[in-house]
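**Q** Mind looking over this structure? Questions follow.
The values are calculated or read from the model by the stated rules, or taken from the named source; none is laboratory data. Small disclaimer: the values here were computed from a predicted structure and weren't measured. With ideal geometry, Cβ positions are generated from the backbone for all residues, glycine too; neighbour counts draw on all protein chains shown. What goes into the accessible areas is simple: the full protein's heavy atoms, side chains included, and nothing from ligands, DNA or RNA. Shrake-Rupley method; radii C 1.70, N 1.55, O 1.52, S 1.80 Å.
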Amino acid sequence: MTASKSSRARNARIGAQAGAARNATKGAGGSGTAMKNGSADRNGTAKQNGTAKQNGTAKQNGTATRDRGRDQARSAPARNGAAERRAQTQVVPAEAASPGPAVWLQIATFVLALAGLGVSIYLTIAHFTESALLGCSESGLVNCTKVTTSPQSYVFGIPVAVLGLAFYLFAVAIMSPWAWQASRREVHLLRIASLVVGMGFVLYLIYAELFIIGSICLYCTSVHAITFALFVLTAIAAAAWGLKPGVPWKLLGRAQPSD
């Protein structure tokens, strides 16, 4: 009887120990599972946070890129407009400062006009004094007296010599440096128009000498040649420089235009 009780007591202790061991194992398994669950939660949360951060960064980068694109699109027309204004600002002064007829052409036309005036004065004096022209033949093709005393030496009752004198008085004024450098367009138009009229009159006189009178006058021919030279130089100035004021003469004391 006593042995049986001892056996049952041992079995009870062994069973209690085995139950405690099983409970401990279960407890350890539950803790491990909890630890695993906690780690999984943390990892999931970390991944979600990382994904959210990446998404936020991508959105910020996309927004910044779009903002920069809009800013560039807005600023591009402004930059283009500013560039065009700068180009226009650079071109307009260059055109305004571009020189007109060169000094040599102004001097040449002025000297020719003075020469034509001198010959016209001499022909006018010879006409009214009825004196012979110096150095001019009185027979043959070259016959100054025959030309200057012919009916064709008058136009509308006015001596051709007087008309030539009036023309060259005007030519000296219009070919002067002050006229070449005038800023008014009308002055340059008047110069061209006067030379066109003068050349028309010269062609009539040459026709009268060769086909009506049958003789020529050397002094008249020299005036015709000077008028033709002035016409050519004026046409060159208009074709090359337009109707712009001429380059100032240094001897006149005027400052050269600055670049």
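**Q** From the list Val119, Val111, Val92, which residue is open to solvent by 80 Å² or more (accessible area, probe 1.4 Å), at pLDDT 95 or above and of a type in the set (Val, Ile, Thr)?
**A** Val111 is the lone residue from the list that is open to solvent by 80 Å² or more (accessible area, probe 1.4 Å), at pLDDT 95 or above and of a type in the set (Val, Ile, Thr).
**Q** Only one of (1) surrounded by fewer than 16 Cβ atoms within 10 Å (Cβ to Cβ); (2) hydroxyl-bearing (Ser, Thr, Tyr); (3) under 19 Å from Leu114 (Cα atoms) fails for Ser183. Which number is that?
**A** Against the list (1) surrounded by fewer than 16 Cβ atoms within 10 Å (Cβ to Cβ); (2) hydroxyl-bearing (Ser, Thr, Tyr); (3) under 19 Å from Leu114 (Cα atoms), Ser183 comes up short only on (3).
**Q** Of the residues that make up region 210-219, is at least one under 37 Å from the mean Cα position of the chain (by Cα), open to solvent by 30 Å² or more (accessible area, probe 1.4 Å) and without any contact (Cβ under 8 Å) to a residue 40 or more places away in the chain?
**A** no
**Q** Picking from Leu163, Leu218, Leu203, Leu190, which residue would you name as being farther than 17 Å from Leu114 by Cβ, modelled with pLDDT under 95 and among the aliphatic types (A, V, I, L, M)?
**A** Being farther than 17 Å from Leu114 by Cβ, modelled with pLDDT under 95 and among the aliphatic types (A, V, I, L, M) holds for just one of Leu163, Leu218, Leu203, Leu190, which is Leu218.
**Q** Looking only at residues that are open to solvent by 20 Å² or more (accessible area, probe 1.4 Å) and hydrophobic (A, V, I, L, M, F, W, C) in region 143-160, which one is nearest to Ala237 (Cα to Cα)?
**A** Among those residues, the one meeting the criterion is Val160.
**Q** Further question on the same structure: Looking at this structure, is Ser183 of a type in the set (S, T, N, Q) and part of a helix (DSSP H, G or I)?
**A** Answer is no for this residue.
**Q** Among the residues that make up region 252-259, is at least one of them assigned to a helix (DSSP H, G or I), of a type in the set (D, E, K, R) and on the phi < 0 side of the Ramachandran plot?
**A** Scanning region 252-259 turns up no residue that is assigned to a helix (DSSP H, G or I), of a type in the set (D, E, K, R) and on the phi < 0 side of the Ramachandran plot.
**Q** Sort through Ala171, Ala225 and tell me the only one that's open to solvent by 50 Å² or more (accessible area, probe 1.4 Å), small (Gly, Ala, Ser), closer than 30 Å to Pro99 by Cα and at pLDDT 95 or above.
**A** The match here is Ala225.
**Q** So Leu165 fits all but one of (1) surrounded by 12 or more Cβ atoms within 10 Å (Cβ to Cβ); (2) over 28 Å from Leu105 (Cα atoms); what number is the exception?
**A** Result: Leu165 fails condition (2) only.
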